[in-house]
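Undergrad: Take a look at this one; I'll ask things after.
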Protein chains: 2
Amino acid sequence: MLKKQPQAQPEDTALDLGEQLRRCRKEAKLTMQYVADNAGLSVGFISQVERGLAAPSLSSLRSIARVLERPISEFLEQPGSGTGTTRKSRRVSYRVADGSISYERLSANFPGSTLRAVILHEPPGHRSEPISHEGEELFYMLQGEITVEIDGERKILRQGDSMHFASRRKHATWNHTDQTVSILWSGTLDVFGEDANDPIQKNNAQGTSTHSEKKGDEE
Amino acid sequence: MLKKQPQAQPEDTALDLGEQLRRCRKEAKLTMQYVADNAGLSVGFISQVERGLAAPSLSSLRSIARVLERPISEFLEQPGSGTGTTRKSRRVSYRVADGSISYERLSANFPGSTLRAVILHEPPGHRSEPISHEGEELFYMLQGEITVEIDGERKILRQGDSMHFASRRKHATWNHTDQTVSILWSGTLDVFGEDANDPIQKNNAQGTSTHSEKKGDEE
DNA sequence: GCTGCTTTTTTAGCATAGGTAAAATTCTGG
DNA sequence: CCAGAATTTTACCTATGCTAAAAAAGCAGC
């Protein structure tokens, strides 16, 4: 019988997956036999998966990832080689929602990336509607203080405080102060969209800057 | 024939996966027929997957996720309900590497979470060894300036600047100044470990604070 | 260099499940 | 109420996810 080949994918990710599994296993100094035994699979199958000759099912991949103590996403999403530098002086501000909040994007957007970060500016008195969605997020208070409500429980965050939570929990914010607050927001889901909002403030002196998520805002 | 059941998983994630696929599809206002056609699958299969009666292969899930325009990880890893609030006054500092760098953890650690954030303090003159690993990361300069080298290309980041890149690219930092710099680091891989390093500085007046990654550092 | 053991690869094979087409059922807008 | 759209269900099939075991390669000790 001819050597079996997995179904060809446009991006040939099955091979990437196998390479990454092998890399992680070797970094953890484990044998295939160990991984197989602990994942409830056979050593031959592990070999085939690592060499890209077989594609594991989801449950098998989950078992293998558990043995390697890595999130399954690490094997499925591999960011490309993009880099985004965002200069303070060149950030573009966007307006969201009803136009009261503005934000500046920090994260770049390259293939496979899931990390998102923006700096949010919420004006005095602003309240957001309670929402929930996929992913997780973290607030870090750059300036000012804010009330955060998660699943009905309220907390005040002050400058230097942070909060990390699963976005599926219903959450809302309220700027109970009389000053604009600035929050560094980081999350795993792009809730701010890509250029979906109008830029409202262009700090670039020439007024023609491109958005930072274009292939890096290079010096 | 009895109704087919997917293999039971301890966390029954196949059902979670189907629920999430249906939720995302409805949020995008798409029919199963549309998803099936664009993913190269049958509508009956999409129905079974969404109802947890069949488990898609990795390539099928990838196709479905592409149609829904969501990262595949969104369907595979769902954070639990943890929340971590980290008060500025209660952050525990850790020492890493040769003891020269310290950091304070911001992110909590709850089931399924992949987002990590710390505040790094690099002393004057400190150079890190070039490394590469899985995931992606973002630096935001809270204070001071630093030279970052990625794949041999150097850049200086100043206060307020940020940089987002795939961690697989070889990267190193050098604090070329004569002051300690503070960086808010955010990433998708836990390169700082969980309590793997010694706490070196306890800001809690009682000196007995628990680490913030324990079930939230509640007020 | 040889040997024995460990680790990985390869082979042959199979049970099942990933996935389909089409029919049946339910939903929904007019 | 009805027609069409959308979803579910059924019957079925074959490709493949995965195995056991043999073969090959790697490696440490002598």
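Undergrad: To the nearest 10 square angstrom, what accessible area does B:T180 show with a 1.4 Å probe?
TA: Counting only protein heavy atoms, the figure is 70 Å².
Undergrad: Using a cut-off of 14 Å between beta-carbons, work out the net charge of the residues near B:P124 (Lys and Arg +1, Asp and Glu -1, B:P124 not included).
TA: Net charge in that neighbourhood comes out at -2.
Undergrad: Quick check: residue separation of A:D178 and A:K26 times 0.36 nm, minus the Cα distance between them. What number comes out in nm?
TA: 49.2 nm
Undergrad: Name the residues of region B:116-130 whose amide N is less than 15 Å from a point 7 angstrom out from the Cα of B:K170 along the C-beta direction?
TA: Backbone N within reach: B:128-130.
Undergrad: Protein chains only, probe 1.4 Å: how do B:R25, B:R62 rank by accessible area, largest first?
TA: B:R62, B:R25
Undergrad: What full-extension length gain, to one decimal in nm, is calculated for B:S89 and B:S47 as 0.36 nm per residue of separation minus the Cα-Cα distance?
TA: 10.0 nm
Undergrad: I've got another one for you. In whole Å, largest first, what are the principal axis extents of the Cα atoms in region A:73-189?
TA: So the three principal-axis extents are 42, 34, 27 Å.
Undergrad: Considering only Cα-Cα distances, which of the following residue pairs are longer than 27 Å: A:K155/B:K26; A:K88/B:K88; A:K155/B:K155?
TA: From A:K155/B:K26; A:K88/B:K88; A:K155/B:K155, over 27 Å: A:K155/B:K26; A:K155/B:K155.
Undergrad: Related question: Return the Rg/Rh ratio of region B:13-76 with Cα-based radii and a Kirkwood Rh.
TA: Reported Rg/Rh (Cα atoms, Kirkwood Rh): 0.89.
Undergrad: What total accessible surface area, summed over both chains, is buried at the interface between chains A and B, computed with a 1.4 Å probe and given in Å² to the nearest 100?
TA: Separately minus together, A and B give about 5500 Å² buried.
Undergrad: If we hang a label 7 Å off Cα along the beta carbon direction at A:R158, how far is it from the matching labels on the other copies, in nm, shortest first?
TA: Output for A:R158: 3.1 nm, nearest copy listed first.
Undergrad: Do any residues of region A:107-126 lose at least 30 Å² of accessible area when the full set of protein chains is present rather than just their chain alone, and if so which, with a 1.4 Å probe?
TA: Those residues are A:F110, A:T114, A:L115.
Undergrad: In what order, largest first, do B:F45, B:F139 sit by accessible area if the probe radius is 1.4 Å?
TA: B:F45, B:F139
The values are calculated or read from the model by the stated rules, or taken from the named source; none is laboratory data. A quick note: this is a predicted structure, and the numbers were derived from the prediction, not measured. Note that we place each Cβ from the backbone using ideal geometry, even for glycine, and neighbour counts take in every protein chain shown. Surface accessibility is based on the protein's heavy atoms, side chains included, excluding ligands, DNA and RNA. Shrake-Rupley method; radii C 1.70, N 1.55, O 1.52, S 1.80 Å.
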